[in-house]
Amino acid sequence: MYICCLITPDASLAGLDIEIVEEYKYLGVHLNNKLDWTHNTDALYKKGQSRLHLLRRLRSFGVCRSLLRTFYDSVVASVIFYAVVCWSCGSSERDRKRLNKLVRRAGSALDCSLDSIEEVGERRMLAKLTSIMDTPSHPLHETVGALSSSFSSRLLHPRCKRERYRRSFIPTAVRLFNMHNT
């Protein structure tokens, strides 16, 4: 039995052999041994460009705007924003700029303004946090519930010793939640 390990350079774990890899794809999300989102962004950018080409081709054939928008939402945006809740707050400015460039190009093909990576990420993060708070069976329900303030409708910000954790889902979602509830 082999286990893929992204971080630990040890040769075994509980007697099992471990294969050390630099990159691993899990549920369509590319993870690497540096725990940054560059490989994931590269994959999303590449897929987004190919889908954007199809959008431009459809526009050149004279397809109506409402169908182009439907195509964008279902084919192009679904690729660009895949798992945005996971990676949007932890990705680098360079990676977000690359993906926003694709969104702007799609907006130019549709002749309209589209939401940026940051806007979509924030909106979906808030929706996910609300869903977690409303679902007692969710694994993070108790963790988020423990952050509830007894004095207001705000959430207490968790202590973050590391920058990587500060830029992860729960601390970022709590900050967004508190900004929207004041």
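The values are calculated or read from the model by the stated rules, or taken from the named source; none is laboratory data. Being a predicted model, the structure only gives us computed values, none of them experimental. Methodologically, a virtual Cβ is constructed for each residue, glycine included, from the backbone with ideal geometry; neighbour enumeration extends over all protein chains shown. For the accessible areas, the whole protein counts, side chains as well, though only heavy atoms, and no ligand, DNA or RNA atoms are used. Shrake-Rupley method; radii C 1.70, N 1.55, O 1.52, S 1.80 Å.
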(Q) Give me the strands (runs of 3 or more DSSP E) completely within segment 12-61, filtered to those with at least 2 residues that are more than 24 Å from the chain's Cα centre (by Cα) and of a type in the set (A, V, I, L, M), ordered by residue number. (A) 16-20
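Residue by residue through segment 127-152, note down the ones that are assigned to a loop (DSSP other than H, G, I, E, B), at pLDDT 90 or above and open to solvent by less than 30 Å² (accessible area, probe 1.4 Å). Full working, then the answer.
To start, the set of residues in segment 127-152 that are assigned to a loop (DSSP other than H, G, I, E, B) comprises 135-140, 146-147, 149-152.
Add one more test, that the residue is at pLDDT 90 or above, and what stays is 135-140, 146-147.
Result: Leu147, single match.
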Q: Please go through segment 153-182 and pick out each residue that is assigned to a loop (DSSP other than H, G, I, E, B), open to solvent by less than 100 Å² (accessible area, probe 1.4 Å) and either aromatic (Phe, Trp, Tyr) or in contact (Cβ under 8 Å) with a residue 24 or more places away in the chain (or both).
A: Ser153, Arg154, Arg167, Ser168, Asn181
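Taking the residues in segment 103-126 that are part of a loop (DSSP other than H, G, I, E, B) and more than 24 Å from Ser91 (Cα to Cα) as candidates, determine which candidate is least open to solvent (accessible area, probe 1.4 Å).
Residues of segment 103-126 that are part of a loop (DSSP other than H, G, I, E, B), as a first pass: 111-116.
Filter once more, keeping what is more than 24 Å from Ser91 (Cα to Cα): 111-112.
Details: Asp111: 81, Cys112: 53 Å².
Among those residues, the one meeting the criterion is Cys112.
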Q: Specify the residue that is most open to solvent (accessible area, probe 1.4 Å); the eligible residues are those in segment 62-96 that are in a loop (DSSP other than H, G, I, E, B) and aromatic (Phe, Trp, Tyr).
A: Tyr82
Q) Within segment 16-51, how many residues are open to solvent by less than 50 Å² (accessible area, probe 1.4 Å), of a type outside the set (S, T, N, Q) and out of contact with any Phe, Trp or Tyr (no Cβ under 9 Å at 6 or more places or on another chain)? A) 4
